[in-house]
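Trainee: The structure is given below, and queries will be raised subsequently.
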Amino acid sequence: MEPIIEQCHPLYPFGRANHSFPQNRSPEKRIQGTVSDTGIGIAPDEIPRIFEEFYRTETAKSLKETGTGLGLPIVQLLLSLYGGTIEIDSTPGKGSSFRFSLPEFARDAGAKP
């Protein structure tokens, strides 16, 4: 997962993006990670809507760079399909932090990575 997120960093036009995947696993056997940025942030009243398909915040709509409003809904859908969750903390003008977790599944002995 880390290489995929690293490839997204050059595409991020606002501020700086960071990610972390702690190597120590949680007692609940969940894989956890955080993706943060120093971008435009999201207003508290818009946070409940950011996982809606095609939703874009008012600030995002005013920028030259465009998006479809599908990225976060797709991320949330994929995480939920695998029993995962996603949470957000955001401050307008300072950036956002997305924390996610997924159940840790054991790989079959004969399966290839």
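FYI, it's all coordinate maths here, none of it is from the lab. As the structure is a prediction and not an experimental result, all values here were calculated from the model. Positions of Cβ are generated from backbone atoms using ideal geometry, with glycine treated the same way; all protein chains shown enter the neighbour counts.
Trainee: Tell me which residues come under 5 Å, amide H to amide H, from Ile31 once H is placed; ignore anything under 5 positions away on its chain.
Mentor: Leu102, Glu104
Trainee: Can you find, among Ile88, Leu102, Tyr55, the residue sitting farthest towards the positive end of the charge dipole of region 33-104, where Lys and Arg contribute +1 and Asp and Glu -1 at Cβ?
Mentor: Positive-end residue among those listed: Tyr55.
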